[in-house]
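Heads up: the structure comes next, in structure tokens.
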Amino acid sequence: MRYYLQHFFDPDFDHTKRKPDENSIYKDSLDLFNLGYVQNVIKGQILAQIVPLDTLTEEPDPRFVLTTIDFPSGQNTYIDPDYPQYLLAAINGYVFYSDGRITVKALLNVQQDISFHTGNINFVGDMAISGSIRSGFSILANNVRISGLVEGGIAHSTSNMIIDGGVRGNISDHCLVDSGGKLMLNFLERAEARAKGNIVINKYCLYSTVYAGNNMLIKEHLYGGKVNVFSSLYVGKQLGNKAGIPTTIAIGYDPLIVRKMEKQETFIASLTQSISHLKAITKDLPPNANLQTVKLQEYIAQRDVLIKQRREYFKKLSEEETTIGNCRLICPGIVYPGVEITIGRIFRAIEKVYENVVFHIYDHEIISEPITAVQPTLQGQ
């Protein structure tokens, strides 16, 4: 009796020969950014099945006709004893043939830039990129390590992220690095960075927006933009600059909730403007009089939902105020005027030059105290 090996992935897949989806041509848009660089599989997913050859309704590929029930099982695959006709993935990763064996690997090594040669890459396992992420392109993976730069691109990780080069934004594209765990990078310039854990920057952070879910350490310079930190911020050499570039520091609240609230405020303001405009048009007409009155009721309902969510967020932030007394802004170097510090609900504008100083809350105000030596340590690093 003969059998056939059915695949639930493309056995001839070649990541070096990817091209845009030809069907997108008929939709008047050729997608050059998503080329399907990798074949993702998750743990327990069926990779292949062995069936009797005479049950096939299509012409079989002679390469996969078998004389015995024997899977070409490779690394990180297994056969369920209860369902011996199926070959399954043992881990999250990507599937391919290696030396004639069906194999799954958890680490995806991309040995080039993320660009038009690769397209955007979404991967369920860990990813290592030898090059850079170029402008307009994005990646998503579990743990991520980037040897080059994130240069006008976007990088997401569900766990930790390390960027050996650094992050530099540009005018045309929003540049973002977003980590579900810790984030370590060389520098950050004109970009946005988010992390649920600690953020460590080996050099400088300039004109950027940052949300650190725990602590943040910048070994050299910080000026321009806004930094939101949950616990404490350490800046080694210079905070602000001689030109008085506005630099905003907010410490003490969950920055991810703060970010959500910022987006909410923008949306609420937009809805309020639209509601005022529609009220002027519809005047005292009943709610279902015409399209404008129906739209008015929809906008009012949307705004009510957002306002309710905002109250819930405020409640969460209020609950966090019990730990604000432990928050610190530490700078063994120089702090220039132009820096604005908020710890919890308490605000202070820096109006003179400080050096070797720590800012914290005491008796309902932000005070500054000299420090002799501060070793930057990140709790939970």
Debye log10 I(q)/I(0) at q = 0.06, 0.08, 0.15 Å⁻¹ for the chain, Cα point scatterers:
-0.37, -0.61, -1.21
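Roughly how many debye, to the nearest 20, is the charge dipole of the chain about its Cα centre, given +1 on each Lys and Arg Cβ, -1 on each Asp and Glu Cβ, and no other charges? The partial results should precede the final answer.
Numbers: 37 positive and 40 negative charges, 249 e Å.
My answer is approximately 1200 debye.
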Give me MET161, MET127, MET184 sorted ascending by neighbouring Cβ count inside 10 Å, so fewest comes first.
MET184, MET127, MET161
Assigning unit charges at the beta carbon (Lys, Arg +1; Asp, Glu -1) and nothing else, what dipole magnitude in debye, to the nearest 20, does the range 109-196 show about its Cα centre?
160 debye
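Classify the range 286-338: rounded, prolate or oblate, from the alpha-carbon gyration tensor (a ≥ b ≥ c, eigenvalue square roots; a/c under 1.5 rounded; otherwise prolate if a/b is larger than b/c)?
Values: a/c = 9.08, a/b = 2.68, b/c = 3.39.
Cα axes put the range 286-338 in the oblate bin.
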Could you work out the relative contact order of the chain? I mean the mean sequence separation of Cα pairs under 8 Å and 6+ apart, divided by the number of residues, in percent.
8 percent
On Cα atoms only, tilt of 291-319 relative to the major axis of the chain in degrees:
70 degrees
Per-residue HN-Hα couplings for the range 105-122, Karplus 6.51 cos²θ - 1.76 cosθ + 1.60 at θ = phi - 60°, whole Hz, x for Gly and Pro?
10, 8, 10, 9, 9, 9, 8, 6, 5, 7, 8, 5, 6, 10, x, 5, 10, 10
Subtracting the Cα-Cα distance of LYS295 and ILE79 from 0.36 nm times their residue separation yields 72.1 nm
Surrounding charge for HIS360, neighbours by C-beta under 9 angstrom, Lys/Arg +1, Asp/Glu -1, total 0
Which one of SER147, HIS117, GLY136 has its Cα pushed farthest toward the positive end of the charge dipole of the range 109-196, where Lys and Arg give +1 and Asp and Glu give -1 at the Cβ?
SER147
Quick calc, the range 3-104, dipole around Cα centre from Cβ unit charges on Lys, Arg (+) and Asp, Glu (-), nearest 20 debye, gives 360 debye
Distance from the Cα centre of the range 236-263 to that of the range 71-141, in angstrom?
38 Å
Among ASP54, ASP82, what is the fewest-to-most ranking by other Cβ atoms within 10 Å?
ASP82, ASP54
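Every number here is computed from the coordinates shown, using simple stated rules; none is lab data. Just so it is clear, the model here is predicted, and its values are computed rather than measured. Every residue, glycine among them, receives a Cβ derived from its backbone with ideal geometry; neighbour counts consider all protein chains shown.
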